[in-house]
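Data block below; observations after.
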Amino acid sequence: IVIASVLKQQLHFLARGESFSNSISRWIFGNLNMIPIYRTSETPELMHKNKDVFKKACDLLEKKGAIIIFPEGSSKTERRIRKVKTGAVRIAMEAEAQHDYALGVKIIPIGLNYANLHRFKSDVFINIAEPISVSDYAKEYKEDQFGTVNKITGLIQAQLEAHTVVVSEELDQFMREVEEIYKLDLKREAKIDKRDKEGDFRISKDIAEAVAYYHREEPLRLSRVRQKV
């Protein structure tokens, strides 16, 4: 919803198929441009329906439509990126392949960064990466479909991690404590206005990278700091 609110074009969404379990939900979600996608972990008996899902998604791209896909396959209130699934790239490459790579399909990684994931009306910084032009990989895809899909999926993973604040589960609580104590001072030193969401993101990103660095390179020093915090 947040992403749809800032984009002008009409959007379709791939959503977990388990949500379409009855006629009422199917009607509501269908009218909200949601397309069910089925997962082996939830509804293995319905996986055969994904062929139709892929076809519908390809048809939408053929008509210059736009589809929002959450490629991690799940949505949780954690500051980290799970392993990205290959479905988004497979849909994009298949649509291009069916039209001799002339559709102009682009994949745009988008990072969502909330000031507080559990607070109503929290500030959110929507961080949009440079588009990945699918047709640029046409030659590679013709020679090695599997390898090319994995290559682009890896690029999406890297872009999402670059455009979000990523913190390991082990360091998440400490990171929040450091932000609570020190972030406001850092913003003042950098002369970042409280309304500057991009500046706020950069500060959190820098803290996360610093914490990860000391955890990796100087764990004893970090341990002493954690005790003081």
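The values are calculated or read from the model by the stated rules, or taken from the named source; none is laboratory data. Being a predicted model, the structure only gives us computed values, none of them experimental. Reconstructed Cβ throughout: ideal geometry from the backbone, glycine too, with neighbour counts over all protein chains shown. For the accessible areas, the whole protein counts, side chains as well, though only heavy atoms, and no ligand, DNA or RNA atoms are used. Shrake-Rupley method; radii C 1.70, N 1.55, O 1.52, S 1.80 Å.
Only one of the values (1) 13.9; (2) 12.9; (3) 15.7 was calculated from this structure for mean projected area of the Cα convex hull in nm²; name its label.
Read-out from the structure maps to (3).
What's the extension gain from ARG82 to LYS63 if we count 0.36 nm per residue and subtract their Cα-Cα distance? Display every interim value, and only then the final one.
Numbers: separation 19, 0.36 × 19 = 6.84 nm, distance 3.08 nm.
In short, 3.8 nm is gained.
Can you give me the relative contact order of the chain as a percent, contacts being Cα pairs under 8 Å and 6 or more apart?
Once normalised by length, the contact order is 14 percent.
Taking the simple approach of a point 7 Å from Cα along Cα-to-Cβ for both TYR182 and VAL2, what is their distance in nm?
Computed distance between label sites TYR182 and VAL2 equals 2.5 nm.
Run the dipole for region 46-122 about the Cα centre, Lys and Arg Cβ at +1, Asp and Glu Cβ at -1, nothing else charged, and hand back the magnitude in debye, nearest 20. If you can, show how the numbers build up before the last one.
Details: 16 positive and 8 negative charges, 107 e Å.
Its charge dipole is roughly 520 debye.
With all protein chains present, how much of the accessible area of region 1-157 (probe radius 1.4 Å) comes from carbon and sulfur, to the nearest whole percent?
55
Under 19 Å from the 7 Å Cα→Cβ point of ASP196, by amide nitrogen: which residues of region 121-154?
Residues passing the 19 Å test: 123-128.
To the nearest 10 square angstrom, what accessible area does SER135 show with a 1.4 Å probe?
That residue has around 40 Å² of solvent-accessible surface.
Counting only heavy atoms of the protein chains, get the accessible area per residue of region 159-229 (1.4 Å probe) and round it to a whole Å² value.
Value returned for region 159-229: 69 Å² of accessible area per residue.
Evaluate the charge dipole of the chain about its Cα centre and quote only its size in Debye, nearest 20, assuming +1 on the Cβ of each Lys and Arg and -1 on the Cβ of each Asp and Glu.
Numbers: 38 positive and 34 negative charges, 107 e Å.
Using Cβ point charges on Lys, Arg, Asp and Glu, the chain gives about 520 debye.
According to a simple spin-label model (label point 7 Å from Cα along Cα-to-Cβ), what is the distance in nm between SER122 and GLN173?
Result for the modelled spin labels: 1.8 nm.
Leaving out ligands and nucleic acids, note down the accessible area per residue over region 1-154 with a 1.4 angstrom probe, in whole Å².
Computed with neighbouring chains in place, this is 62 Å² per residue.
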